[in-house]
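Reading through the structure tokens given below for one structure.
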Amino acid sequence: MYFRSSMLMTKSANPFLLNTHELPRRTGEMKEYQLDIESNARIGVPLIAVPEGDVIEVDVRLESVTEGVLLSADIYAVAIGECIRCLDPVEQVVERKIQELYRYEPTNEKGRKKRREEDDVDLDIEDELQMEGDVMNLEIPIIDAIILALPVNPLCSEECLGLCPDCGEKWEKLPEGHAHEVIDARWSGLEKLDFGN
């Protein structure tokens, strides 16, 4: 059963927060959601990215497991950039699948949230995704998935010839044999000489 995102997203400045209070903490329980997350910043690499304000569609399946909540998600977004050869606009569809385990917050014997001591910090735990009560932050896995799907040097097509370095026109629109006479600047003064021809 799918639920609309408006019921699920917490009211905060971070649109990537998902409230999982409807998911029981019994092992094997499962809920599915369809989320439309409005990007609050540009997500991508320098030449191509999902623009700020665009919608990222995420189909989420949450499953309660012993250690926490297992997130399985299909991500769909559209990135916009420019070709590195001819500077034409480029649009690329991003479709990625992710799976992440969000661990429950550590608790003491009485079931209360355990305070972390500075000397208890484990480097492996620092890298793990953690639930914050019933809230999970989807920002890191979604942003990572989008960035890893994007090319560093986007092209409008593999056959793109780029631009003429002298006139800046597209090579594909220029006639065959197009060239510019390039005179070495050191010899340019000789053009002014008149030999009486």
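What the table below lists for this structure:
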| item | result |
| --- | --- |
| Hits in the range 15-48 - residues which are of a type in the set (Gly, Ala, Ser), surrounded by 14 or more Cβ atoms within 10 Å (Cβ to Cβ) and modelled with pLDDT under 90 | none |
| Some residue of the range 148-159 being modelled with pLDDT of 80 or more, part of a helix (DSSP H, G or I), surrounded by 14 or more Cβ atoms within 10 Å (Cβ to Cβ) and touching a strand residue (DSSP E or B) at 6+ places or on another chain (Cβ under 6 Å) | yes |
| So ILE125, is it of a type in the set (Val, Ile, Thr), at pLDDT 90 or above and surrounded by 10 or more Cβ atoms within 10 Å (Cβ to Cβ) | no |
| Every residue from the range 62-89 that is under 30 Å from LEU174 (Cβ atoms), surrounded by 15 or more Cβ atoms within 10 Å (Cβ to Cβ), modelled with pLDDT under 95 and among the aliphatic types (A, V, I, L, M) | ILE84 |
| Conditions (1) assigned to a strand (DSSP E or B); (2) at pLDDT below 95; number of the one not met by ASP59 | (2) |
| Residue list for the range 23-56, restricted to those being under 26 Å from LEU150 (Cα atoms), aliphatic (A, V, I, L, M) and assigned to a strand (DSSP E or B) | LEU35, ILE37, ILE43, VAL45, ILE48, ALA49, VAL50, VAL55, ILE56 |
| Every pair of residues 6+ apart whose Cβ atoms lie under 9 Å, when the first sits in the range 90-102 and is under 30 Å from ARG25 (Cα atoms) while the second is buried (at least 17 other Cβ atoms within 10 Å of the Cβ) and hydroxyl-bearing (Ser, Thr, Tyr) | TYR102/THR20 |
| Enumeration of residues in the range 54-85 that are of a type outside the set (Val, Ile, Thr) and touching a helix residue (DSSP H, G or I) at 6+ places or on another chain (Cβ under 8 Å) | LEU71, ALA73, ALA77, ALA79 |
| Tabulated pairs, the range 131-154, first more than 26 Å from CYS83 (Cβ to Cβ), second part of a loop (DSSP other than H, G, I, E, B) and of a type in the set (Val, Ile, Thr), C-beta under 9 angstrom, 6+ apart or interchain | MET131/THR20; ASP134/THR20; VAL135/THR10; VAL135/THR20; MET136/THR20 |
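The values are calculated or read from the model by the stated rules, or taken from the named source; none is laboratory data. Everything quoted here is computed from the prediction, not taken from an experiment. Virtual Cβ from ideal backbone geometry, glycine too; neighbours counted across all protein chains shown.
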